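The values are calculated or read from the model by the stated rules, or taken from the named source; none is laboratory data. Quick caveat: nothing in here was measured; it's all calculated off a predicted structure. Note that we place each Cβ from the backbone using ideal geometry, even for glycine, and neighbour counts take in every protein chain shown.
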Amino acid sequence: MPLIHPLLAGTALVPDSLLRDENETVEPHVLAALTRSLGAATGIWTAILRHDPVNRWYTRLVLSGSVEVWLISWCPGQYTRAHDHGGAFGALSVIQGPVTEIACDADWRPRDWRQHERVASLTFDRNHIHKVGNSGTIPAATIHAYSPPELPMRYAPDAAEQAVEGFLLENALGGAATGDAAGALAVGGGRP
Ligand SMILES: [Fe+2]
């Protein structure tokens, strides 16, 4: 049986085609349409969303044979470790923002960075590697969808992660790469 958050059940925000048990891979544009429509349902996600300055907060909204969907919050200074998605396609929509993304090469080296403003949506391919977080001063939130679901993710080794953090401090944080700034990074595992 697919899992769906009680506040989404019966709303038609998640199409029946994405709530089947059969294993199926969904294209990125379908994932993006889903995260966008969920992001537009402000009344629903605001009732679910929490911000936790101590531990990065996230909750799963949907799990079926074809997709998993997560609602994730980012307090200022909270970041993922650089990670892949186990070969899954993905999409994310920024519902509170902005959030910062550092894209990495296949060998975990930081390639570029972007700031995604609120309501921005993006898709990513099976081989996408990135670090995501909040380099701003206000809480942020995102909705993520992946297909196929529940593929095991890989995380950057320590030395590579340090290089990505250095890139973040030098670029996205405007060169405020002092010891204090580095110490303020709250990096956690888990989704996205
Ligand atoms: Fe990710």
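Of note:
- From the list 186, 140, the one residue that fits, being more than 12 Å from the ligand (Cβ to nearest atom), closer than 26 Å to residue 46 by Cα, hydrophobic (A, V, I, L, M, F, W, C) and modelled with pLDDT under 95, is 186.
- Residues satisfying the criterion are present in the range 106-113 (criterion: more than 12 Å from the ligand (Cβ to nearest atom), more than 16 Å from residue 79 (Cβ to Cβ) and either of a type in the set (Gly, Ala, Ser) or buried (at least 16 other Cβ atoms within 10 Å of the Cβ) (or both)).
- Of all the numbered requirements in (1) of a type in the set (Val, Ile, Thr); (2) out of contact with any helix residue (DSSP H, G or I) (no Cβ under 6 Å at 6 or more places or on another chain); (3) buried (at least 22 other Cβ atoms within 10 Å of the Cβ), residue 67 misses one, and that requirement is (2).
- Members of the range 123-172 found to be in contact (Cβ under 8 Å) with a residue 40 or more places away in the chain, hydrophobic (A, V, I, L, M, F, W, C) and either touching a helix residue (DSSP H, G or I) at 6+ places or on another chain (Cβ under 9 Å) or closer than 21 Å to residue 28 by Cβ (or both), listed by number: 124, 129, 132, 141, 143, 145, 151, 153, 156
Yes/no per residue for (1) modelled with pLDDT under 95; (2) more than 15 Å from residue 99 (Cα to Cα):
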| position | (1), (2) |
| --- | --- |
| 44 | no, yes |
| 50 | no, yes |
| 55 | yes, yes |
| 60 | no, yes |
| 63 | no, yes |
| 67 | no, yes |
| 75 | no, no |
| 80 | no, no |
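- Taking the criterion of being within 15 Å of the ligand (Cβ to nearest atom), farther than 16 Å from residue 80 by Cβ and β-branched (Val, Ile, Thr), the only residue of the range 114-137 that qualifies is 123.
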